[in-house]
Amino acid sequence: MPSATEQVVEQAQALLSSGQAEVVLGYQRAPGFVLARPLFARTPEQAERLMLDPGCVADLSSYALQLPQKAAAVVKGCDVRSFVGLIQEKQIKPEGLTFIGWNCPGVVSERKVRQRLGDRADTLTAVRREGDQMIFTLADGEQSLPAADVLADRCFICKVQQPQGVQVVVGEPITPITSDDPLGSELQRLHAASPDERRAFWAEHFERCIRCYACREVCPACCCRECIIDCTRPVWVPRAPTEQDNFLFQQIRMLHVPGYGRCTDCGECERVCPVNIPLRLLTRTLHDDIVRLYNYRHGLDSEAPVPMTVYDTADSEAHMGRPKK
Amino acid sequence: MKAYQLRAEDLAKLILRAAAEREVWAPVRRNDLTLFERITDPAQIDWEADNVRVPLRGLFLPVQEALFTFRKEGAEVTLAAPQDEPTLAGRLIIGARLCDAAALEYLDRAFGDPLADAPYRRRRERDLIVAVTCEKERPYCFCEVASEVLSRPRGADWLLTRVEDRLLVEVLSEKGERLAQSFSDLLSEADSQLLEAARAIRVAIAGRISNNARFSPEGLPARLMAAWDSPVWQSESERCLGCGICTFLCPSCQCFDICDRAGILGGERYRCYDTCQFASFTKMASGENPRPTQSERLRNRVLHKFAYSNERFGATACVGCGRCVYLCPVGIDIREVVEMATKEAVPVE
Amino acid sequence: MSEAARLVPAVDYVPYPARLEEVIPETSDIKTFRLRFLEETVAAAFAHKPGQFLTLSVFGEGEAPFCIASPASEREYLEISVKRVGKVTDALHELAPGTTVGIRGPYGNHFALDEARGKKLLVIGGGIGLAPLRALIYDAFEHRADYRDLWIIYGARSPGDLVYRRELDQWAQRDDCRLDLTVDKGDEEWKGHVGFVPQFLAELRPVSADTVAYTCGPPIMIKFVIQNLLQLGFAPEQIVTTLEMKMKCGVGKCGRCNIGPKYVCLDGPVFTYAELQSLPPEY
Amino acid sequence: MAGSVSAPEKQSEAAQQEPVQIVAFFCNWCTYAAADLAGSSRLEQPAVVRVVRLPCSGRIRPELVLAAFHRGADGVLVSGCHPGDCHYAQGNYFARRRLAMLSDLLTATGIDRRRVRVEWCSAAEALKVAQVIREMAEDVREWKREHQGAQRH
């Protein structure tokens, strides 16, 4: 049985040779990086660099809008949701787009890997999952760690390891590693906290925001041609990275993405944040509220309307009226 | 300049005494992240961690700062200076890496005469920087190749190098000498053995990272200018998300925007970081944009660091700290871009 | 680097307060603003040369660079002509006379008129691009004996888009200069030439010998004017233009107006075509 | 607009000292008319509300509420037509969803629940508008007293 990497190379080369895709969007390994990085393969030769391993974390739908009409993308189950979300919002057309789905063994968290491996993480050249172990190929040999110690938080509650609605599937299905939501206790703690404590919690984090907009740029759902944050007439959010302005910036982004039901809880915004703001605590809270209030999960049905474009006359009014003492 | 020695155990004493007179800032670890923070106790300092995430320049060119405030009364407008930071005595910043300090030396040029940038210069003249020699290197460190950071320490007032239980204090500026005078009871003249040991440490690091850069600095500006039409800008920028991580966290980037924030009665003018990586950076009100795609914007970043700065200020802007490499969410590696762009380009004489 | 007087050696980005004295409507979307410094000493120190620019602050909206349209010899006031295109210009167009605004400058280099002494001057403008050339034209009028022919070719999209209409009439009356006007599209009243500026230039066939050509206008016009000047035998050194670039600080610090290693705000905005040819094609 | 709709103030002692600013976004067709009626009927209500009149609660972008807090509002009141009564048939149904999520966002980011209120008020419900404003002024004042000198936003 060929490996997922061998299969993805083969599939990509076939798509490129037949002209079914002008470009195959996938992953490649580069020295010095714990995670695989995106690759735009345009020729069968370039496609040889494609690979798949638990370092393939990036959600490649960030590039969906810049793909040509005939293109293919390597996707995990979670990434499919982001692409479908864009189809739902009529940002991309599914015609001409081929998905090479990967039976995902779970992906790693760079932060956890670095915490466990220290400087040796810099020499990582490959990673694979075997059973409940993640095996890292390092300069000084292989190192095995319990997968549960290094998996990205989101993988523990993943329900889409096997990508749905894709044309091609590579890799063998592998039993997912599940556990209680790693975010659970922190979410509960924040939920139980007083408003002032929550405000102070976010103030401490947003204070650090430098407004590099990596969270926005990487977000699969952030697809506006002109972002309200960049709008100068009027200026909704001052550009200065003060805590107050960062707070408004993050509030607006949270409103527009998870608040409007467009978040798939992929956690990419938190992953790319260079100053470690735990953004997923917010996206998740609002994501869960959308599920609770409107029984809606983004990116599962390309025909489904997004929740803010429809209504039910019996929608919740729990947010209305005078707050109870 | 002079060199002194300090017993390692006296460093805390020195810091405490400095803290009695002025703010002391140092690397502090929090949220899995090391940042410069004001400290009151030397025990707060994280000497072990990697370089600070937000570089030293953030203390001299903050992510945002008020330039002045204004009040409006009818058609009249009155301007006032912003409230200065309560650090008129000058901060003592300890624990800066040599790469970050060297970047300030570059910024001294870029923000210097003619028309020197007043807020930056004010802080530079006021504050003291105590740099430290790195004890270990990372694979993304390429400071020596990029800017001879280890062999030409610069930009700081002191350089500390730990040699067993002693610290070598190399004075790098006049300000640094005055600082040494104020601690004369703790410092004694360094012996040649200590000087030699400290130099050897830096030579050893330089040796170990000599292959990290992947490119040769020889004639780099001309070779890069010759690569103007290289396909590499497009192919390497294709996966760029267009975020500002590489530039906002760069120790030598200087770009900023100037904006107003105002209510009906008044407001302030502030400046904040801006970046050549944003499409809006050069887009004119008319809609024209001289750098319309990420490809031109990547080229500008790389050429600015390794070619334009050399022509304009006589120094490479990149100090090889590696932040833009290891923080890029999509693995764009400036060393690789330079290597690939210059591989085939031949400079015209 | 210009040798023109600078107000401050170090830059704190604080503008000098000035009063908006008068607003002169030019076209449907262009107005000329006459400004006077509140402090005499500032007014006295602010000595600009044709081609230089200033940054204008509309407090609460921001700051933007504008080329100075008033003559260098006019020390009572400054004038800028502004097209309504963005946030600051929108706000500026709404300002009432009497409002306090802010000015920093003068910044940038200037037209090297000294080097044109004894030569013929050919001024080619399009639309609002006449603004920096206007300062140059007045300078030439004042030292008229220093130069030989002064020929102004100016055009706009329509008769209603021509700026400085009253002055154009005055210039047309003068016998020490030649003025040729054109519009891209005429109307019932327009009796003059109809056609684009570059083509008009080609038809007029000015002689290149001993001539310096100054041109400013929309980028596409500048491009074809330069092309046609070269065809008429002008050497790149004889062609002078001013570049439009996004600028903020005006003093080479904020980083956005670079063309390769050059900063338009310090090394420009005035460039000869020969200088432009040596720069990377990114403007 | 704005303060013109409020009658002279007559307050309970506890509430008196605390100056608060509440921004109200009212639908033109119902709540604004009701507030107008409340004013002309000289119903008792504190003069702490600045009204922004909009054509429909569906036009009230939640960003406006966020921006009001960002610029220092102590409280924000949003009110439009009752479900089924929208002048534009369904604007308030869309608003209801958006405001529900806005409300959750504000809670999640630590904006005190007392500072924001959403109500349906028809054009005839002048009494309700006046009461809502009174209650809200009381709630916001209570919140503000608890946070004297603390971070506002």
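Structure above, values below:
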| read-out | value |
| --- | --- |
| Residue that is surrounded by fewer than 18 Cβ atoms within 10 Å (Cβ to Cβ), at pLDDT below 95 and within 30 Å of residue B:219 (Cα to Cα), where the choices are B:165, B:113 | B:113 |
| Any hit, region B:246-256, residues being among the polar types (S, T, N, Q), within 11 Å of chain C (Cβ to nearest Cβ), more than 27 Å from residue B:72 (Cα to Cα) and over 21 Å from the mean Cα position of the chain (by Cα) | no |
| Near pairs, Cβ below 6 angstrom, 6+ apart or cross-chain, from region D:33-47 (within 20 Å of residue D:139 (Cβ to Cβ)) to any residue that is surrounded by fewer than 16 Cβ atoms within 10 Å (Cβ to Cβ) | D:44/D:10; D:46/D:9; D:47/D:3; D:47/D:9 |
| Single unsatisfied condition, residue C:85 versus (1) at pLDDT 95 or above; (2) assigned by TED's automatic domain parsing to the domain that holds residue C:26 | (1) |
| Hey, residue A:9 buried (at least 20 other Cβ atoms within 10 Å of the Cβ), touching an Asp or Glu at 6+ places or on another chain (Cβ under 7 Å) and farther than 19 Å from residue B:329 by Cβ or not | yes |
| Residues of region A:313-325 that turn out to be farther than 14 Å from residue D:101 by Cα and either of a type in the set (A, V, I, L, M, F, W, C) or at the interface with chain D (Cβ under 8 Å from one of its Cβ atoms) (or both), as a count | 5 |
| Count of residues meeting criterion [more than 14 Å from chain C (Cβ to nearest Cβ), within 15 Å of residue B:302 (Cα to Cα) and of a type in the set (D, E, K, R)] in region B:194-233 | 2 |
| Total residues in region D:59-69, condition surrounded by 20 or more Cβ atoms within 10 Å (Cβ to Cβ) and either modelled with pLDDT under 95 or away from chain A (no Cβ under 11 Å) (or both) | 1 |
| Total residues in region D:74-121, condition part of a loop (DSSP other than H, G, I, E, B), farther than 14 Å from residue D:55 by Cα and small (Gly, Ala, Ser) | 2 |
| Among (1) modelled with pLDDT of 95 or more; (2) aromatic (Phe, Trp, Tyr); (3) assigned to a loop (DSSP other than H, G, I, E, B), the one test that residue C:271 misses | (3) |
| Pairs with Cβ under 7 Å, 6+ apart, first in region A:48-59 and under 15 Å from residue A:147 (Cβ atoms), second among the small types (Gly, Ala, Ser) and not in a loop (DSSP other than H, G, I, E, B) | A:53/A:126 |
| Qualifying residue in region D:81-104 (condition: touching a residue at least 40 places away in the same chain (Cβ under 8 Å), crowded, with 23+ Cβ neighbours inside 10 Å and more than 11 Å from chain A (Cβ to nearest Cβ)) | yes |
| Sole residue being more than 14 Å from chain B (Cβ to nearest Cβ) and in contact (Cβ under 8 Å) with a residue 60 or more places away in the chain, chosen from C:206, C:218, C:236 | C:206 |
| Qualifying residue in region B:19-34 (condition: closer than 29 Å to residue B:184 by Cβ, at pLDDT below 95 and of a type in the set (Gly, Ala, Ser)) | yes |
| Qualifying residues in region A:121-144 (those that are within 14 Å of chain B (Cβ to nearest Cβ) and hydroxyl-bearing (Ser, Thr, Tyr)) - the one nearest to residue A:104 (Cα to Cα) | A:125 |
| Test set (1) within 24 Å of residue C:265 (Cβ to Cβ); (2) within 11 Å of chain B (Cβ to nearest Cβ) - residue C:98 fails condition number | (1) |
| Qualifying residue in region A:265-277 (condition: within 18 Å of the chain's Cα centre (by Cα) and within 11 Å of chain D (Cβ to nearest Cβ)) | no |
| From B:49, B:43, B:75, B:20, residue being outside the structural domain of residue B:251 (by TED's automatic domain parsing) and under 30 Å from residue B:318 (Cα atoms) | B:49 |
| Matching residues, region C:88-121, being in the same structural domain as residue C:143 (by TED's automatic domain parsing) and farther than 22 Å from residue C:48 by Cα | C:118, C:119, C:120 |
| Boolean, residue B:271 is touching a strand residue (DSSP E or B) at 6+ places or on another chain (Cβ under 8 Å), within 11 Å of chain C (Cβ to nearest Cβ) and either without any contact (Cβ under 8 Å) to a residue 12 or more places away in the chain or not in a helix (DSSP H, G or I) (or both) | yes |
| Unique residue being more than 8 Å from every other protein chain (Cβ to nearest Cβ), in contact (Cβ under 8 Å) with a residue 40 or more places away in the chain, in a loop (DSSP other than H, G, I, E, B) and aliphatic (A, V, I, L, M) when the list is B:315, B:341 | B:315 |
| Members of region B:37-76 that are away from chain A (no Cβ under 12 Å) and in a strand (DSSP E or B) | B:38, B:39, B:68, B:69, B:70, B:71, B:72, B:73, B:76 |
| Residue, surrounded by the fewest Cβ atoms within 10 Å (Cβ to Cβ), within region B:121-162, restricted to residues that are of a type in the set (S, T, N, Q) and free of Cβ contacts under 8 Å to residues at least 60 places away in the same chain | B:151 |
| From the options C:155, C:105, residue that is under 16 Å from the mean Cα position of the chain (by Cα) and within 13 Å of chain B (Cβ to nearest Cβ) | C:105 |
| Scan of region A:147-159 for residues that are surrounded by fewer than 18 Cβ atoms within 10 Å (Cβ to Cβ) and either β-branched (Val, Ile, Thr) or outside the structural domain of residue A:102 (by TED's automatic domain parsing) (or both), ordered by number | A:157 |
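The values are calculated or read from the model by the stated rules, or taken from the named source; none is laboratory data. Predicted model, so just to flag it, every value in this text is computed and none were measured. Reconstructed Cβ throughout: ideal geometry from the backbone, glycine too, with neighbour counts over all protein chains shown.
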